[in-house]
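For reference, the structure is listed below as structure tokens.
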């Protein structure tokens, strides 16, 4: 178990480097630059810009510097930064995860920007996933237990609707009804609890639908298995059979969906942030890509990749607790 | 007596599945809606043009009567209303449907080719190769690919696609030379270590294998480097010529759409590979494969003539479910302004334009959005129905 975790943690490092390298390669391969504009710069100024951002150095040095910025590198004497992890080993100063300064948001370091905007996206994402779990699990279990009843067909039809309505359609429709029609909820922006209700519902719809379908299928399969019959034969009450034995096996597909869900939750938040004018990390990322703000793009990509890979690892570990038949080698 | 004998006509697997599909009312609903949608999208724009004279790009003049509002609510002339410039929205939605459906189908096709070959090869080879290939899939699964797709689409969108086109020849030569190298190294590995295994001390063997591995990596790097040199000397001219030819014939909107096919196909083959591998694993030990082997069919022949056709059921089911998810991703990217771009439109980009005016001209957003939702709804129902029909074992009760 411990070696499994260690091995998976070690894989994260080359993976994150690979993702960052691919992203960097894409940005660098494409023609154009962050400083090219409609107005052409005088050559002297262009020289200075290149010198300032290290663009006059050979490509492999730039690559190594970039890699050092997103992982760890030694700190040079004239650098003053308090971002990321700082420590010194044997007289040399090291810094880790200090992604450098943004090229477009003057005076802001990438770390500051990420941690300033992450809370919005994270709050929305976490609340949406919790809501989706609540709705999806309930609907799925009810549908499985009352199979072929009106409950079953109703919740499955709703789930199908949730899967098919894109969130950029659902969001505006909700705004149209609840904000512009009934005047009960604010249509946009970040503020109080009232502001967050519509974005979270919009974001959670598709996950609730997926989870409901997965739970229903999983529960139906488990409730027909031998160990449930054994549990019933032992004389356990139906509630215990359902919650302790049935649910534990039945939600395994839901748990394995969590990994991909987290990755796609990112995409979802980008849309919801756009629709509801919320200053989250997704919008910042899109802006950074359009501005070709290289340190900001790479910083966000590295940060989110590592975050998601760690979440995936946690999900994989939790299988073992849910299903004792799963072993880690 | 002979007159009473009835000849029982056997039903094929596909005939059986078709019957089961027709029994499923929701799947039939999906099939009918999809068929109508495809007909509407192909024939619709011509019919509208013939009936009313509107096309997706036609901007009528002098309709605003001086107050500069050109967006009209639905009427008999414009069943879905008009957009900001006064263009007929029905014509635009049908035109956009062409692009949306095309993106969905072609990207699924790309993912089908990549995923089926990859999964079938991994499943058939088994052992270490299977393990390695599936580990790669696992790893790519964990990457938030949407970030990379966004970067890819935005930096290579528009005129920058030429760079990719220009690099095409060298990418192809690198790919071919790497495959040749892999085959050579695989055979060399077998030839050298296959006989050494029992004769040599285990530590020495490990050391030798390590040296071989390092040598292999060096050879791979050398091959890529040689190809890049070749590119500078010869192929760059060819690539430039290709780019020039391309830019002369094709406008920017099309290259963005081509880029979308590529990007979406590239990220949606993973699950397909897993599905196919699972099928192949369960099929490859059956008698008909043994019979094929005994008659001397090559590995390639066994995989693509015997295994893949037998794994077709789940592949079709999964492909049907990939189409809506790809269409959703396309719509999402178009919504962000990175996907389909003017002069072309897709349901995603139409909805994105409509959102700006949602409180004054809600029809601009609702019609493209609802049309898309209806299509996805039907595709999902059809996919579910097909799964029940073609794959009764994994049927969700």
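Structure above, values below:
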| read-out | value |
| --- | --- |
| Pairwise label distance in nanometres, residue B:77 with residue A:157, each label 7 Å out on the Cα-Cβ vector | 3.9 |
| Radius of gyration and Dmax over the Cα atoms of region A:201-303, both given in Å | 20.6, 66 |
| Label point distance in nm, residue A:74-residue B:85, each placed 7 Å from Cα along Cα→Cβ | 5.9 |
| Ellipticity estimate at 222 nm from DSSP helix runs (n ≥ 4, -39,500 (n - 2.57)) divided over the protein assembly as shown, nearest 500 | -23500 deg cm²/dmol |
| Over region A:110-322, equivalent-ellipsoid semi-axes from the Cα gyration tensor in Å | 36, 22, 12 |
| Residue A:90/residue B:359 FRET efficiency (R0 60 Å; Cβ-Cβ; nearest 0.05) | 0.40 |
| Between 0 and 90°, nearest 10: helix A:2-29 axis offset from chain A longest Cα axis | 50 |
| Chain B: relative contact order in percent, alpha carbon pairs under 8 Å with at least 6 residues between | 28 |
| Within a Gaussian network of chain B (alpha carbon springs, distance under 10 Å), most fluctuating of B:74, B:309, B:324 | B:309 |
| Label-point gap, in nm, between residue A:193 and residue B:229 - each point 7 angstrom along Cα→Cβ | 7.0 |
| Per-selection Kirkwood Rh - chain B (Cα, Å, 1 d.p.) | 25.2 |
| Spherically averaged projected area in nm², based on the convex hull that wraps the Cα atoms of region B:111-242 | 11.0 |
| Region B:87-148: equivalent-ellipsoid semi-axes (sqrt of 5 x gyration tensor eigenvalues, Cα, Å) | 37, 15, 5 |
| Residue order, fewest to most beta carbons within 10 Å, for B:28, B:183 | B:183, B:28 |
| Between helix A:193-223 and chain A: long-axis angle, C-alpha atoms, 0 to 90°, nearest 10 | 50 |
| Column: log10 I(q)/I(0), Debye, Cα scatterers of region A:1-131, q = 0.17 Å⁻¹ | -1.22 |
| Crossing angle, helix A:150-164 versus chain A [Cα axis fit, 0-90 degrees, rounded to tens] | 10 |
| Length added when fully stretched, residue A:310-residue A:236, from 0.36 nm per residue minus Cα-Cα | 22.8 nm |
| Among B:39, B:48, B:254: highest mean-square fluctuation, GNM of chain B, C-alpha pairs under 10 Å | B:39 |
| Within a Gaussian network of chain A (alpha carbon springs, distance under 10 Å), most fluctuating of A:99, A:178, A:311 | A:178 |
| Difference of contour (0.36 nm per residue) and Cα-Cα distance, residue B:220 to residue B:374 | 50.5 nm |
| Shielding of B:162-170 by partner chains, average beta-carbon count, 10 Å | 1 |
| Where N is the number of residues in region B:284-352, Cα Rg divided by 2.2 N^0.38 Å | 1.89 |
| Neighbouring partner chain Cβ atoms per residue of B:373-379, average, 10 Å criterion | 4 |
| Label-reachable residues, region A:252-295, where backbone N falls under 12 Å from a point 7 Å from residue A:108's Cα toward its Cβ | A:279-288 |
| Region A:207-306 - percent relative contact order, Cα under 8 Å, separation 6 or more | 22 |
| Rg/Rg_globular for the protein assembly as shown, with Rg_globular taken as 2.2 N^0.38 Å and Rg from C-alpha atoms | 1.06 |
| Euclidean distance between Cα centres, region B:114-140 to region A:111-129, Å | 36 |
| Pair-distance profile P(r), taking every C-alpha pair of region A:60-138, with 5 angstrom steps and integer % | 3, 13, 17, 17, 14, 9, 9, 7, 6, 4, 2, 0 |
| Residue order, fewest to most surrounding Cβ atoms within 10 angstrom, among A:151, B:363, B:269 | A:151, B:363, B:269 |
| Contact order normalised by residue count of chain A, Cα under 8 Å, 6+ apart, percent | 24 |
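No value in this document is a laboratory result; all are computed from the given coordinates. As the structure is a prediction and not an experimental result, all values here were calculated from the model. Counting neighbours? That spans all protein chains shown, and the Cβs are built from the backbone with ideal geometry, glycine included.
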